[in-house]
1. Please go through region B:300-328 and give me each residue that is in a strand (DSSP E or B) and farther than 22 Å from residue B:273 by Cβ, ordered by number.
2. Evaluate region A:348-358: report whether one residue or more is part of a helix (DSSP H, G or I), free of Cβ contacts under 8 Å to residues at least 12 places away in the same chain and buried (at least 20 other Cβ atoms within 10 Å of the Cβ).
3. Quick check on my filter: what residues within region A:275-302 are touching a helix residue (DSSP H, G or I) at 6+ places or on another chain (Cβ under 7 Å), under 28 Å from residue B:176 (Cβ atoms) and part of a loop (DSSP other than H, G, I, E, B)?
4. Please state which of the following conditions residue B:264 fails to meet, knowing it meets all the rest: (1) without any contact (Cβ under 8 Å) to a residue 40 or more places away in the chain; (2) assigned to a helix (DSSP H, G or I); (3) under 27 Å from residue A:211 (Cβ atoms).
5. Touching a strand residue (DSSP E or B) at 6+ places or on another chain (Cβ under 8 Å) and at pLDDT 95 or above - does that describe any residue in region A:60-75?
6. Could you look through region B:26-45, keep only residues that are within 23 Å of residue A:26 (Cβ to Cβ) and more than 11 Å from chain A (Cβ to nearest Cβ), and pick out the one that is surrounded by the most Cβ atoms within 10 Å (Cβ to Cβ)?
7. Taking region A:293-312, which residues are more than 10 Å from every other protein chain (Cβ to nearest Cβ) and touching a residue at least 24 places away in the same chain (Cβ under 8 Å)?
8. Does residue A:34 satisfy the criteria of being more than 30 Å from the chain's Cα centre (by Cα) and either modelled with pLDDT under 95 or within 14 Å of chain B (Cβ to nearest Cβ) (or both)?
Ligand SMILES: [Zn+2]
């Protein structure tokens with residue numbers, strides 16, 4: 001199964017021998033932790049999802065945010081009592097709703113404030129944490145019920161922030177946060193729910209600012225955008241904004257493949273929404289090719305850049321006709337584009353002789369030209385391809401098995 | 001190859017008995033805080049440890065009866081399993097439970113003392129989103145190709161794959177494919193070695209490898225090997241023993257294992273072991289854990305390191321178990 005918590009990543013191996021003092025300290029920590037755990041468990045076994053149980057989950061989750069069952073207990077507490085009405089499809093009857101959101105604010109404010117100095121607005125939590133009772137929110141919904149839900153939702157979002165900052169790769173926190181956000185859609189007026197979701201973009205950007213490749217944060221951002229575009233939030237397309245976002249991420253770090261990837265996914269939609277005609281699409285392609293070539297000129301050893309270049313070239317070759325964003329080019333034009341790219345890559349060889357990605361690009365794109373034209377490589381291409389393969393074997397012996405396979409395939413096409 | 005590794009310096013020999021002792025010690029560390037903080041992974045941990053022991057040729061190193069008792073004590077009325085007694089049922093621990101029971105040949109006990117195969121199958125099948133074909137991890141959780149793979153893994157071992165809409169699930173995986181031949185966690189997501197493993201393995205179980213662009217994917221996967229011999233999970237990331245397994249097993253599934261340098265990968269994994277106290281870490285010199293121990297050993301097994309039992313690249317379990325359960 002894929003990665004999950006509990007595994008050790010990047011922690012230096014130590015002697016693993018504890019002093020007696022350390023051992024006793026551990027035992028004390030264990031005692032406290034288990035005591036807390038026992039309290040929650042005994043309450044759960046009696047189906048006690050009261051505000052007290054809820055507060056205990058806050059404590060326990062701060063010790064251990066990976067404890068997924070406790071996140072579930074927390075959800076049950078909210079559904080069975082704290083939220084104003086049972087959510088659709090929930091079998092929980094409406095319990096005591098005396099549980100006021102300020103309780104959660106109290107329980108979470110301690111650890112929230114410790115991290116708030118690093119928080120940047122817009123922050124979903126900053127608007128209610130610290131306030132008790134009435135919120136002076138201009139968009140505040142009219143009824144007491146929805147106001148209570150709004151406060152609770154904001155408070156829960158605030159609760160997870162310090163935990164996320166501490167454990168940015170913890171699946172369960174992200175999952176809980178998304179569940180809370182879905183509650184906003186189910187329980188709040190659309191305009192209010194939309195504002196909460198909009199603020200989430202700020203959080204995703206903040207997490208990506210701390211770790212530009214955080215897989216969870218990119219996925220989270222994509223999910224938030226999808227929701228903001230959906231009819232449940234009366235949304236409309238955010239493709240232009242998303243594209244601009246990749247632009248800014250790439251500007252600050254050319255080798256951020258996550259940003260290039262995101263860009264590759266947005267382009268087809270972007271051009272459709274711009275109702276781009278053939279000329280506009282070509283102009284767009286030209287600009288992207290110039291941009292990535294320029295980047296490759298600076299960092300020809302960077303795989304991320306070549307992957308994006310491949311994406312553009314593949315859209316010309318038309319491996320996947322549905323995905324291509326330049327459907328109107330003639331075969332001759334496509335071949336022309338490819339040959340131009342090949343020449344540009346050849347120019348790189350003047351400055352860089354020992355970068356295998358250059359030879360790989362030349363090899364691959366030359367094969368594409370032949371495929372497009374439906375022919376075998378001619379004699380001069382054969383010579384080039386063989387020379388590039390020889391270079392690849394020399395520069396990259398790790399992948400010799402692959403070069404040997406390509407050599408075999410090449411011999412087969414030569415007949 | 002056997003002769004070649006006999007000649008390696010001592011630190012590059014597999015510390016088999018240390019690894020066995022390390023895994024046996026895992027459940028005795030109750031005076032360590034981490035033992036309690038990781039209880040939500042107990043059943044998964046048992047699967048990792050038991051698989052490691054089977055691959056090391058010491059399947060008896062954990063007592064069979066206690067193993068079965070513990071697994072069954074984690075089962076809920078719904079048929080699903082939690083990570084430990086008192087923990088909610090979840091796809092991940094349910095899959096681990098099925099894998100453990102398969103390894104110790106205890107499906108009969110599941111029937112007689114547990115809630116039975118059919119109930120487990122029902123629990124898993126209920127987590128499928130019938131509109132999109134993908135799976136959630138539990139009644140609350142998000143959807144992820146990890147859970148889809150887990151469902152296929154466990155259901156196929158139980159002989160209950162027909163309980164779910166396989167075609168819909170396959171369509172969903174196809175929608176997660178990227179131009180580089182890889183797969184992401186959901187449609188639109190970047191290719192990632194862990195997700196590639198789950199998607200390609202699920203397609204393999206479904207008999208739909210025809211959907212995989214093997215040339216392109218093989219290229220991407222082979223480029224994960226970096227200086228030092230280890231493999232990373234995405235471009236420009238650090239190498240790691242667990243990612244090495246996902247990349248390697250995916251390469252094996254599409255018949256391209258020879259596209260990387262096997263000897264260098266073997267040497268990298270062996271450099272990550274703690275030869276005295278046992279266990280394998282993500283990178284040389286880091287803390288060991290059972291997660292990296294099993295994936296390190298599985299990698300070595302796939303690379304035919306001498307003395308290890310052969311591992312199945314799709315299930316990450318001994319080939320002998322898969323042969324017995326699936327009647328291959
Ligand atoms: Zn790892």
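1. B:312
2. There is no residue in region A:348-358 that is part of a helix (DSSP H, G or I), free of Cβ contacts under 8 Å to residues at least 12 places away in the same chain and buried (at least 20 other Cβ atoms within 10 Å of the Cβ).
3. A:276
4. (3)
5. For region A:60-75, residues touching a strand residue (DSSP E or B) at 6+ places or on another chain (Cβ under 8 Å) and at pLDDT 95 or above: present.
6. B:26
7. Across region A:293-312, the qualifying residues are A:293, A:295, A:296, A:297, A:298, A:299, A:300, A:301, A:309.
8. So residue A:34 passes the test.
The values are calculated or read from the model by the stated rules, or taken from the named source; none is laboratory data. Worth saying up front: this structure is predicted, and the values here are computed from it rather than measured. When we count neighbours, we look across all protein chains shown, and the Cβ atoms used for this are built from the backbone with ideal geometry, even at glycine.
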